[in-house]
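See structure below.
The values are calculated or read from the model by the stated rules, or taken from the named source; none is laboratory data. All figures in this text were calculated on a predicted structure; none of them were measured in a lab. All Cβ positions, glycine included, derive from the backbone under ideal geometry; neighbour counts span all protein chains shown. Accessible surface areas use protein heavy atoms only, side chains included; no ligands, DNA or RNA. Shrake-Rupley method; radii C 1.70, N 1.55, O 1.52, S 1.80 Å.
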Amino acid sequence: MSLNITTSTESVADVGGDKDHEVLDSGPINGRPAVVYRVAGTTLPACDAVVEAPDGTFGVTLTAAPGAAHAPDPCGEIRETATVLAGALDE
């Protein structure tokens, strides 16, 4: 599994409303507005979460190695991963 963290000035609403994103969940993460999504049409075993931050958003992407035996579903793991990382925003 690989983890990628990004930041952006784009809002959670902008990311969730992007026609190229298949929104899976729009519930808050660690009390902050958030959206969990996949890039529409992708065949990669990957999932993304975007969480509101003080100056925009931060994004988390989890990707399972293609063909990896018994790799967990990235979308099954993304919310827990994003929750841990969002906790750092309050420190």
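The figures follow:
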| item | result |
| --- | --- |
| Cross-chain or 6+ apart pairs with Cβ under 9 Å, region 42-57 first and open to solvent by 60 Å² or more (accessible area, probe 1.4 Å), then assigned to a strand (DSSP E or B) | Leu44/Arg38; Leu44/Thr63; Glu52/Ile29; Glu52/Arg32; Glu52/Ala34; Glu52/Phe58; Asp55/Thr7 |
| Scan of region 14-30 for residues that are of a type in the set (Gly, Ala, Ser) and loosely packed, with under 13 Cβ neighbours inside 10 Å, ordered by number | Gly17, Gly27 |
| Subset tally (residues that are of a type outside the set (A, V, I, L, M) and touching a Phe, Trp or Tyr at 6+ places or on another chain (Cβ under 6 Å)) for region 23-55 | 1 |
| Single residue of region 31-41 satisfying the filter (of a type in the set (A, V, I, L, M, F, W, C) and within 11 Å of the chain's Cα centre (by Cα)) that is surrounded by the fewest Cβ atoms within 10 Å (Cβ to Cβ) | Val39 |
